[in-house]
Amino acid sequence: MLELDIKIPAMPEGGYPIRIGTDILGSLWPRIEADFDKYSKFVVTDENLVSAGHLQKLLGQRDIPAFTISPAGEASKTIDTAIAIIEAMEKAYLGRDTLVVALGGGTVGDIAGFAAAVFKRGVPVLQIPTSTVAQADSAVGGKTGVDSSMSKNAFGAFWHPAGVYIDTVILKTLDERQFRAGLVESVKHAIIADSEYFDFLEENLDAVLQRKPDVLEKIAERNCRIKGSVVEADPREQNQRRSLNYGHTIGHAVEAASGFELLHGEAVAIGIIAAGLIEIEMELAQPGRLDRIRGILEKLGVPVKLPADMAEEKLIDLIKRDKKAVNKWPRFVLISRIGEVYRQDGQYAVEVSAELVTTVLQKL
Ligand SMILES: NC(=O)c1ccc[n+]([C@@H]2O[C@H](COP(=O)([O-])OP(=O)(O)OC[C@H]3O[C@@H](n4cnc5c(N)ncnc54)[C@H](O)[C@@H]3O)[C@@H](O)[C@H]2O)c1
Ligand SMILES: [Zn+2]
């Protein structure tokens with residue numbers, strides 16, 4: 001098993017370990033018991049993880065209280081679900097000495113992390129991410145939250161995990177479209193931070209899509225190192241952490257304009273192409289760079305063009321509503337080359353005019 005350490009100086013424990021392996025789920029529990037021997041355990045998962053057999057594999061015959069989110073997915077990422085989890089913990093007589101174990105994708109991780117952050121003013125959470133999104137992105141970084149009826153993550157807290165366990169074999173049961181869309185975050189990591197990783201993804205994409213454990217371990221490790229180092233440097237998103245937003249400003253607008261018909265990663269893929277076109281307009285791109293990026297995304301089978309019925313005016317309006325906008329216009333993350341974010345006066349997000357963005361949307 002591969003082990004990485006994430007250092008978060010603000011955490012009382014100073015950071016947390018990430019452990020990555022293949023087919024480790026069935027032997028994890030004794031290790032969790034040993035590492036957290038003073039804690040009672042409570043598991044949060046969702047119905048799909050139960051029917052895929054993963055909860056059973058994690059717990060074996062042990063009698064551990066668990067909460068199963070149903071229906072699975074974003075619709076359940078609400079304050080009501082967080083309340084139900086907290087009340088289930090109370091009914092099980094659990095107190096401040098509880099370890100919450102989140103077994104699931106980003107939805108489970110975000111809700112369970114949020115419930116742990118607020119239960120009795122905070123108990124530790126262990127993340128066992130099961131989707132490509134969660135293994136690359138949501139499990140590492142300490143952002144937790146639930147949605148309101150108006151917006152995503154309206155309730156939230158920074159609550160770093162006590163540890164992260166990644167088993168690449170769990171991904172075998174993930175739906176193909178979810179699997180591919182989640183890999184867009186891996187491509188994003190390579191683009192902003194690691195050109196060798198980008199080369200690796202280009203060369204090994206077939207093996208990734210066949211879900212070969214050794215390549216999945218490698219990408220889990222790269223993703224955690226990249227996201228971990230950004231989070232270490234900037235745990236509360238003052239500046240450098242914004243680089244993780246590459247492709248997301250336009251991506252979020254596309255996701256919303258599709259009425260959430262597009263998966264997050266699919267919309268971000270379009271946002272990444274848009275960022276590439278902005279870089280060309282701003283003369284930041286080397287010849288052929290965007291073609292390489294488009295090549296990987298096309299091979300992933302995610303969209304690289306705006307849906308035909310999506311109006312530019314609507315997207316511009318949504319971009320103005322971006323939660324990071326100041327005076328109704330956000331800054332954009334761009335790259336100077338594959339593996340390096342473009343910075344202006346030390347800032348990782350830079351000004352791009354609405355006119356230029358409109359021009360790019362017309363070309364998209
Ligand atoms: N906290 C963060 O930093 C952060 C980062 C990125 C995304 N997110 C959040 O994560 C959520 C999206 O995450 P997601 O894409 O993992 O969604 P998800 O957790 O809803 O999972 C997608 C679907 O796949 C199923 N699934 C997950 N793993 C499976 C497996 N191994 N086998 C079979 N089915 C499986 C789920 O039950 C669900 O139906 C969003 O709410 C997003 O806001 C948070
Ligand atoms: Zn994302």
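Taking strands (runs of 3 or more DSSP E) that do not extend beyond segment 1-102, which have at least 2 residues that are within 16 Å of ligand 1 (Cβ to nearest atom)?
Working: elements: 2-7, 15-21, 40-46, 66-69.
In segment 1-102, the matching strands (runs of 3 or more DSSP E) lie at 15-21, 40-46, 66-69.
If you check every pair at least six apart or on different chains, which have Cβ atoms under 7 Å apart with a residue in segment 263-274 that is closer than 13 Å to Gly182 by Cβ first and a residue that is more than 11 Å from ligand 2 (Cβ to nearest atom) and of a type in the set (Ser, Thr, Tyr) second?
Final answer for the pair search is Ala267/Ser258.
If you go through segment 62-90, how many residues are more than 14 Å from Val43 (Cα to Cα), without any contact (Cβ under 8 Å) to a residue 24 or more places away in the chain and more than 20 Å from the chain's Cα centre (by Cα)?
2
Of all residues being among the acidic types (Asp, Glu) and buried (at least 18 other Cβ atoms within 10 Å of the Cβ) in segment 185-218, which is nearest to ligand 2 (Cβ to nearest atom)? Just the residue, please. Show your work before the answer.
In the first step, residues of segment 185-218 are kept if they are among the acidic types (Asp, Glu); the result is 185, 194, 196, 199, 202-203, 206, 214, 217.
Those left that are additionally buried (at least 18 other Cβ atoms within 10 Å of the Cβ): 185, 194, 217.
Values: Glu185: 5, Asp194: 17, Glu217: 22 Å.
Only one residue fits best here, namely Glu185.
Of all the residues that make up segment 33-43, how many are surrounded by 15 or more Cβ atoms within 10 Å (Cβ to Cβ) and either farther than 17 Å from His160 by Cβ or of a type in the set (Ser, Thr, Tyr) (or both)?
The total comes to 5.
Would you check if there is a residue in segment 167-179 being outside any loop (DSSP other than H, G, I, E, B), more than 7 Å from ligand 1 (Cβ to nearest atom), more than 11 Å from the chain's Cα centre (by Cα) and closer than 23 Å to Arg236 by Cα?
Here is the first cut: in segment 167-179, the residues outside any loop (DSSP other than H, G, I, E, B) are 167-173, 176-179.
Those still in the list that are more than 7 Å from ligand 1 (Cβ to nearest atom) too: 167-169, 172, 176-177, 179.
In the following step, the residues that additionally are more than 11 Å from the chain's Cα centre (by Cα) were identified as 167-169, 172, 176-177, 179.
Applying the additional criterion that residues be closer than 23 Å to Arg236 by Cα yields none.
The answer is no; no qualifying residue exists.
Could you count how many residues in segment 207-260 are under 17 Å from Ala136 (Cα atoms), within 15 Å of ligand 1 (Cβ to nearest atom) and basic (Lys, Arg)?
4
Inspect segment 126-145 for any residue being over 15 Å from the mean Cα position of the chain (by Cα) and surrounded by fewer than 21 Cβ atoms within 10 Å (Cβ to Cβ) and give the result as yes or no.
The first filter runs over segment 126-145 and keeps only residues over 15 Å from the mean Cα position of the chain (by Cα), leaving 126.
Next, only the ones that are surrounded by fewer than 21 Cβ atoms within 10 Å (Cβ to Cβ) stay: none.
No, because not a single residue in segment 126-145 is over 15 Å from the mean Cα position of the chain (by Cα) and surrounded by fewer than 21 Cβ atoms within 10 Å (Cβ to Cβ).
Rule-based calculations on the coordinates, nothing more; no lab input. Small disclaimer: the values here were computed from a predicted structure and weren't measured. Note: ideal-geometry Cβ built from the backbone for every residue, glycine included; neighbour counts use all protein chains shown.
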